[in-house]
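Reading through the structure tokens given below for one structure.
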Amino acid sequence: MSNESKSRAVPEENKMGVMPVGRLLFSMSLPMMLSMLVQALYNIVDSIFVAKLSEDALSAVSLAFPLQTLIFAVGGGTCVGVNALLSRALGEKDFKKANDVAMNGAFLTVLSYVVFLILGLTVVKPFYVGQLNGTSSPIYGMGVDYLSTVMIFSIGVFCQMYFERLLTSTGKTVYTMLSQLTGAVINIILDPILIFGLLGAPAMGVTGAAVATVIGQCGAAILSAVFNVKFNHEVDLKIKGFRPSAKIIGPIYAIGIPSIIMQSIGSVMTYCMNRILIGFSSTATAVFGVYFKLQSFFFMPLFGLNNGITPIIAYNYGAQKKHRMIKTIKMSLVVSFCLMFIGFLGFELIPDKLLGLFEASTAMLTIGVPALRIIGIHFLIAWFCIIAGTVFQSLGKAVYSMVVSVMRQLVVLIPAAYLLAHFGGLHATWWSFPIAEGMSLAVSTIFLMRIYKKIIKPLPDKE
């Protein structure tokens, strides 16, 4: 493609470099935050329907969380690298590199799915045996059916993450929102139909929840692919003549692998916490699973904010517009604090009502009410650490995010949970979350100050 045709196909300056920061942050992040909010809602609704089957069914789905998180870790982490490189290339007006990044990202998406297809066929049964210490529990059969379905047919979620990130990288977050909303609505509609056998469908139980999830993900993937072809003219996806490039894949994973590791650590953390909590009762693991569903209602919109600000920071870093970067960071910190404070109030004031959404038994309320109030304390700290991690990734320093995550979830949280469980019992175990978040705050602050002194402050500031 000639330079002349490039200039016709792509505007001289992307809106991320010229639109007023407040309006840009609003236009980029609000659609992502709303779509993430709906995603969180369908996660909660999914578990509410499953909980109507039995507490064992809820536990089966909760125990699947570590491997489900791993899917999002690999797919999402890879897309973080694609997103950052693509936005930076567009900021530098290097459109050929932007297209190369997009195509190599597609290759890595397919490769990631193949890995999880194999894992879905081989590791699900031993995964549940490891958490339940055997196969005698009814939780085992339901869990294996649910997780196998989700992993074997994970092509939908991998493609959804990839195509939505391409849209986000070029500032077209409204289309990302529409595709995510579509997937969520499909899931919410199909859940009761397939779980309970409504409208002539077979009653599939927990497996029905998995099938509904997979169909919703595939629907969102198809729609986001169509949006890219029709509206995302800044990225030219052409299979003809494509060859994987180590020069592109290397930098993608230089940014993406720390993010993958960071999110994968979350899988390890939830697996280890399940092992600790199952020693008390399956009800304790159900409470932990419900906590993750509920906290997603506040954290998912914050992650939507992250998805919106990542290309803004990366683009303006490439364009050397320091004042826009700093203003974006400051405004995102304010928004994130407001979100987390609302979550804190919810967990402290109405934990019984939140648990009641999941058909909570008396035993579940006895364990869950104090658990939510204790864990909720860490919301007052997490907002800063999450935005700091986004800044690290946007500026190519994702290893800082990885270090913070490793220290928080493996070095502090799990050992603290084990010791507190051993010496203080179940009630004390929940304090491991605010303890670990306090450490995360200290380390994130140190890294953010270093980033500012070495990268942001020396950067030229072009108008």
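The values are calculated or read from the model by the stated rules, or taken from the named source; none is laboratory data. All values reported here derive from a predicted model rather than from experimental measurement. Neighbour counts run over all protein chains shown; Cβ positions are idealised from the backbone, glycine included.
With the condition kept exactly as written, say whether any residue in segment 314-325 is in contact with a His (Cβ under 9 Å, 6 or more places away or on another chain), crowded, with 20+ Cβ neighbours inside 10 Å and not hydrophobic (A, V, I, L, M, F, W, C). Within segment 314-325, one or more residues are in contact with a His (Cβ under 9 Å, 6 or more places away or on another chain), crowded, with 20+ Cβ neighbours inside 10 Å and not hydrophobic (A, V, I, L, M, F, W, C). When we screen I222, I265, I215, I189 for residues that are in a helix (DSSP H, G or I), within 18 Å of the chain's Cα centre (by Cα) and among the β-branched types (V, I, T), the only hit is I265.
Yes or no: segment 144-162 includes at least one residue that is of a type in the set (V, I, T), assigned to a helix (DSSP H, G or I) and at pLDDT below 90. Looking through segment 144-162, none of the residues is of a type in the set (V, I, T), assigned to a helix (DSSP H, G or I) and at pLDDT below 90.
Can you say whether I252 is hydrophobic (A, V, I, L, M, F, W, C) and surrounded by fewer than 19 Cβ atoms within 10 Å (Cβ to Cβ), as far as the supplied structure shows? Against the criterion (hydrophobic (A, V, I, L, M, F, W, C) and surrounded by fewer than 19 Cβ atoms within 10 Å (Cβ to Cβ)), I252 does not qualify.
Suppose the filter is crowded, with 19+ Cβ neighbours inside 10 Å and of a type in the set (G, A, S); does G105 pass it? Judged against the criteria, G105 is a match. When restricted to residues that are buried (at least 16 other Cβ atoms within 10 Å of the Cβ) and aliphatic (A, V, I, L, M), segment 347-364 contains 4. Considering only segment 252-275, I want to know if a residue exists there that is over 13 Å from P66 (Cα atoms), free of Cβ contacts under 8 Å to residues at least 12 places away in the same chain and not aromatic (F, W, Y). The answer is no; no qualifying residue exists.
Go through the residues of segment 329-350 one by one and say whether even a single one is touching an Asp or Glu at 6+ places or on another chain (Cβ under 7 Å) and within 30 Å of K97 (Cα to Cα).
no
No other residue among A436, A428, A416 is surrounded by 23 or more Cβ atoms within 10 Å (Cβ to Cβ), in contact with a helix residue (DSSP H, G or I) (Cβ under 7 Å, 6 or more places away or on another chain), over 21 Å from G81 (Cβ atoms) and small (G, A, S) apart from A436.
Can you find even one residue in segment 395-404 that is out of contact with any strand residue (DSSP E or B) (no Cβ under 7 Å at 6 or more places or on another chain), of a type in the set (K, R) and modelled with pLDDT of 90 or more?
For segment 395-404, residues out of contact with any strand residue (DSSP E or B) (no Cβ under 7 Å at 6 or more places or on another chain), of a type in the set (K, R) and modelled with pLDDT of 90 or more: absent.
Residues considered: F358, F433, F344. Of these, the only one that is aromatic (F, W, Y), touching a residue at least 60 places away in the same chain (Cβ under 8 Å) and closer than 26 Å to N43 by Cβ is F358.
Looking for whichever is more than 17 Å from L86 (Cβ to Cβ), at pLDDT below 90, out of contact with any strand residue (DSSP E or B) (no Cβ under 6 Å at 6 or more places or on another chain) and buried (at least 21 other Cβ atoms within 10 Å of the Cβ) here; the options are I278, I260. Which one fits?
Result of the check over I278, I260: I260.
When segment 236-249 is limited to residues that are at pLDDT 80 or above and surrounded by 11 or more Cβ atoms within 10 Å (Cβ to Cβ), the one that is farthest from D94 (Cα to Cα) turns out to be P244.
Somewhere in segment 54-62, is a residue at pLDDT 80 or above and under 19 Å from T176 (Cβ atoms)? If you could, list the steps in order and put the result at the bottom.
We begin by selecting, within segment 54-62, every residue at pLDDT 80 or above; these are 54-62.
Next, from what is left, pick out any that are under 19 Å from T176 (Cβ atoms): none.
Checked segment 54-62: no residue is at pLDDT 80 or above and under 19 Å from T176 (Cβ atoms).
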